[in-house]
Every structure is written in C-alpha cells, then in structure tokens.
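Here's the structure we're looking at; comments come further down.
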Amino acid sequence: MRIAIPRETQPGENRVPITPDVAKKLVRMGADLHVESGMGTTSGFTDEQYTEVGASIAADRSELFANADMLLRLNKPTAEEIALMKRGAIHISYLDPFNEHALVNAFKDAGITAISMEMIPRTTRSQKMDALSSQANLAGYVMVMKAAAALPRIFPMMMTPAGTLKPANVFVIGAGVAGLQAIATAKRLGAKVTAFDTRPVVAEQVQSLGAKFLEIDLGETGETAGGYAKELTPEQVEMQRQAQKDVIAKSDVVITTAQVFGRKPPVLVTKDMVDGMMPGSVIVDMAAETGGNVEGSVPGETVDCDGVILIGTGNWASDVARDASQMYSSNLFNLVEDNWSEEQKAFEVDFEDDILPGCIITHGGEITNETIKNIIEGEG
C-alpha cells in the first residue's frame, strides 16, 4: 500500500503528522511510504531522517496526492487536493465533519474513504488513537505558560527580605483533558487554583491535583456516552455565569476550556465579568476559534480589553510542535496498525470493527456516518 504524507500548509501549523520514528514502523509493516519534501521541517525533522528509515521523498505534491492509496494528514484537505486523489483512496486527518459539510460531500462524490480523527470513539481500547485528547493535554500546558508569560506577576508565593509575594489566583473553567492539565501545570508553578466543571464526577480529579472545586448546583448535567460534557440549557449557563462572577473578579488568570463536541461553545465569561477583573489580569480562551467562551476574545489574536489581556491564539499544541507531532504521529500509527493486514500489507476498512465505523465519514461514494449523514441531509 502506497502511503503519502504531504506537507502541512495551514498558516501557523508547526506540527507534522508523521515523525521519522513512526515512519520507520510504517515501513517495517510493509508500507510503501512517500513523504513530501520538507514535510518535517517545522518540527525539526529533515528529509534525510525519513529516507534513512526507508521512506521516499516526493518533490511533486500533485503527483503525491494522485498516486496515494492512503494519505495521513493533520489538517483537512482543500477541494483541489480532493480532486487530485484517486477513487478508493483513504484519507485520515482532522476533518471537522459537523461543520465542514461541503468537504464531506466532496469526499463522497470523489469516492474517498474519509476518516476523521475527531470522531475516534472515547473507549478504553481507542485511547491510544485519541488525538483530541493527546493534543488537548499539551494545549492545557501551553495555555498556562502563555498566561504566565503575559501576567505581570509571578505564579508562586515568594518570601523575600523585601516582603512576601502572594501566589497568583488561577481559575480553570472546564476540567476535561485540557483543563486538568492546565490545573496541574498551574499548581506546579505554585499558583492557587480553583476549577469548575458541569460534571460533578470530575470534582475528585480536580481535588487530587491540589485544586479547589467550585460547587455550583446546576441541576441535571452530566456527560455524553463519549465522555464529553452535555450542552447546558440557557438557564443553566446563566446560573453558571452568576456563580462564577465573584471567583473571576478575584482571579489573576482565567482559563476557559468549555467546548461542546460538534456545537458552538457556550459564552461563560461576559463583558461585565471581564470588566470586573483587575488590570493586568489574563484570560486564555481555548474555544476562541470555534466561537469562544469569553465575550471579546478574538480568534487567533491576543487583545487588550481595558487592561485585561484576552488570549485566543488557538492551535495551542503547535507551540510545542515536537512533542505534539510525536503524540499525534503515535495516534495515527496506532489507528493504522490496528486495521493493518499483515497478509495484504494494506489498511482494511472493516465496518464490523468497534472503532472504525464511528470515525469513517464517507466510503464507497456514500456518507456512512449516520450522525453526519442526518445533519447534512436535514439541510437539503
């Protein structure tokens, strides 16, 4: 099977989909691996490192797409790239299928098997393939480091002959993978951390990291079967805002990580809450690129809101591209290996598998994912 790894072209993307170590594993499995020239540069990997493990370097991007049986990517392709692919090829990357309906239809019409890394089910067996979690883990770390760099004071308590400096107050909203890592990182830096999540079940995890869990009675909440927070009602969102208002006003740093899978995130920090914070305070909005948890945050930018710094730069894991590439590459490899036929030396699409059907969006000229199919057909 001819596997192609094209270079990522999205502005600001420093991660790469396959590292040389994983390329070596793919070649050992029997894959005919072709890597676009310069693919690994942004994460510090040279073409020579890929050729040393048995991969071929391709200089012609169009030819790379046209001859591939499988393409392993980070970001979704363009319509022009889909048109280059041969019918029956397999494409694996982030696809955002809940929002990218034209892209899904393009895959369907081209007869491409499109596999979405966002749609990997959250089960015990699929943990090693869960790229959302692996990248969110790093995002939680990066968001705290960005906040620490922007804050005009230190995180830890410090006792000096000139006086005692109090620890910074950090408030983390959302205690999923990114939120828990943000809590852990802020605690390591010596901050006093408070956290909230709509799922009471995570309170013990928050407390085990040494943070305080903010108790807010929102009534019936919980999580989906996939481990994601359920969407709150407008009334519950308002209850959460009011209960958090005092904590936010007293915080030096607020980090919001509340996202609802496949939907626009809730606005949890309103303009009046931002105005209530001390000048010099910092807010990091993880959801800025998908609609934002914070009123006033701007996707891809850092803005000054009357002395409060709002960071919404996004693609957080790309700031630690080397480690992020290693983790994503491992996720991709585990997915491929799990469905690899030793006999055929190829990836097998098996709809009886317990993982694949959930993340395959299109196959054989059809939209096979029922959830995405119903959403798209409902628009027609």
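The values are calculated or read from the model by the stated rules, or taken from the named source; none is laboratory data. What you are looking at is a predicted structure, and each value in this text was computed from that prediction instead of being measured. Glycine gets a Cβ as well: all are built from the backbone with ideal geometry, and neighbour counts include every protein chain shown. When the accessible area is computed, the model is the full protein with side chains, heavy atoms only, and any ligands, DNA or RNA have been set aside. Shrake-Rupley method; radii C 1.70, N 1.55, O 1.52, S 1.80 Å.
What's the magnitude of the charge dipole for the chain around its Cα centre, counting Lys and Arg as +1 and Asp and Glu as -1 at the beta-carbon? Answer in Debye, nearest 20.
Values: 33 positive and 52 negative charges, 251 e Å.
In debye, rounded to 20, the chain gives about 1200.
Compute the long axis of helix 370-379 from its Cα atoms, compare it with the longest principal axis of the Cα atoms of the chain, and write down the angle in degrees, 0 to 90, nearest 10.
80
First select every other residue whose beta carbon is under 14 angstrom from the beta carbon of ARG28; then total the charges, Lys and Arg +1, Asp and Glu -1.
On the way: positive: LYS24, LYS25, LYS345; negative: ASP21, ASP32, GLU52, GLU337, GLU342.
Local net charge: -2.
Ignoring ligands, DNA and RNA, what accessible area per residue does the range 36-83 give at 1.4 Å, in Å²? Walk me through the numbers on the way to the answer.
Working: 2060 Å² over 48 residues.
Ligands and nucleic acids excluded, the figure is 43 Å² per residue.
Take each of the peptides 179-188, 156-165, 110-119, average the number of other beta-carbon atoms within 10 Å over its residues, and list them starting from the highest.
Numbers: 179-188: 24.4, 156-165: 9.3, 110-119: 22.1.
Packing proxy ranking, top to bottom: 179-188, 110-119, 156-165.
If you roll a 1.4 Å probe over the heavy atoms of the protein chains, what accessible area per residue do you get for the range 160-212, in Å²?
Details: 2380 Å² over 53 residues.
With the other protein chains kept in place, the range 160-212 gives 45 Å² per residue.
Please list, in chain and number order, the residues 5+ apart from ASP96 or on another chain whose amide H is under 5 Å from its amide H, with Hs placed from the backbone.
For ASP96, whose amide H was placed from the backbone, the distant partners under 5 Å are GLU118.
Would you mind calculating the relative contact order of the chain from Cα pairs under 8 angstrom and at least 6 residues apart, reporting the percent as a whole number? Please list the in-between numbers first.
Values: 783 pairs, mean separation 70.0, N = 380.
That works out to 18 percent.
Taking the mean number of other Cβ atoms within 10 Å as a proxy for protection, how do you rank 136-142, 57-63, 195-201 from highest to lowest? Walk me through the numbers before you get to the answer.
On the way: 136-142: 23.0, 57-63: 13.7, 195-201: 20.3.
Ranking, from highest mean packing down: 136-142, 195-201, 57-63.
Using a 1.4 Å probe on the protein chains only, how many percent of the accessible area of the range 126-166 belongs to carbon and sulfur? Mind dumping the intermediate values first?
Details: 1400 of 2160 Å².
C and S fraction of accessible area: 65 percent.
Under 15 Å Cα-Cα from LYS128, which aspartates and glutamates qualify once same-chain neighbours fewer than 8 residues away are excluded?
Straight-distance partners of LYS128: GLU118, GLU337, ASP338, ASP354.
Given a 1.4 Å probe and heavy atoms of the protein chains only, how would you sort HIS91, HIS101, largest accessible area at the top?
On the way: HIS91 0, HIS101 30 Å².
Descending accessible area places them as HIS101, HIS91.
Write down the accessible area per residue of the range 222-380 in Å², having rolled a 1.4 Å probe over the full set of protein chains. Show your work: numbers first, answer last.
On the way: 7250 Å² over 159 residues.
About 46 Å² of surface per residue is accessible.
State whether the range 1-72 is rounded, prolate or oblate according to the following rule on the C-alpha gyration tensor (a ≥ b ≥ c being the square roots of its eigenvalues): a/c under 1.5 gives rounded; otherwise a/b larger than b/c gives prolate, and the remaining case gives oblate.
oblate
Any idea which of ALA168, SER208, ALA178 is furthest toward the positive side of the dipole for the range 168-222, if Lys and Arg beta-carbons carry +1 and Asp and Glu beta-carbons -1?
ALA168
On a full-extension model of 0.36 nm per residue, what is the gain between GLU295 and ARG2, subtracting their alpha-carbon distance, rounded to one decimal in nm? Spell out each step's value before the answer.
Details: separation 293, 0.36 × 293 = 105.48 nm, distance 4.70 nm.
Gain on stretching GLU295 to ARG2: 100.8 nm.
Could you check how much of the accessible area of the range 288-380 is carbon and sulfur, as a whole percent, using a 1.4 Å probe? Before the final figure, lay out each step's value.
Numbers: 1820 of 4340 Å².
In the range 288-380, the share of accessible area belonging to carbon and sulfur is 42 percent.
Using a Debye calculation, one point per C-alpha and no hydration shell, please list log10 I(q)/I(0) for the chain at q = 0.09 Å⁻¹ in order.
Computed log10 I(q)/I(0) values: -0.57.
When the Cα centres of the range 118-179 and the range 312-363 are compared, how far apart do they sit, in Å?
25
Using packing as a proxy for protection, rank 266-274, 283-291 so that the peptide with the highest average count of other Cβ atoms within 10 Å comes first.
On the way: 266-274: 19.6, 283-291: 24.2.
Most protected by this proxy first, the peptides run 283-291, 266-274.
Rule-of-thumb check for the range 20-145: C-alpha Rg over 2.2 N^0.38 Å? Walk me through the numbers before you get to the answer.
Numbers: Rg = 15.9 Å, N = 126, 2.2 N^0.38 = 13.8 Å.
Here the answer is 1.15, to two decimals.
HN-Hα J couplings of the range 206-214 from phi, Karplus 6.51/-1.76/1.60, θ = phi - 60°, integer Hz, Gly and Pro as x?
Whole-Hz 3J(HN,Hα) from phi for the range 206-214: 4, 5, 5, 8, x, 9, 8, 9, 7.
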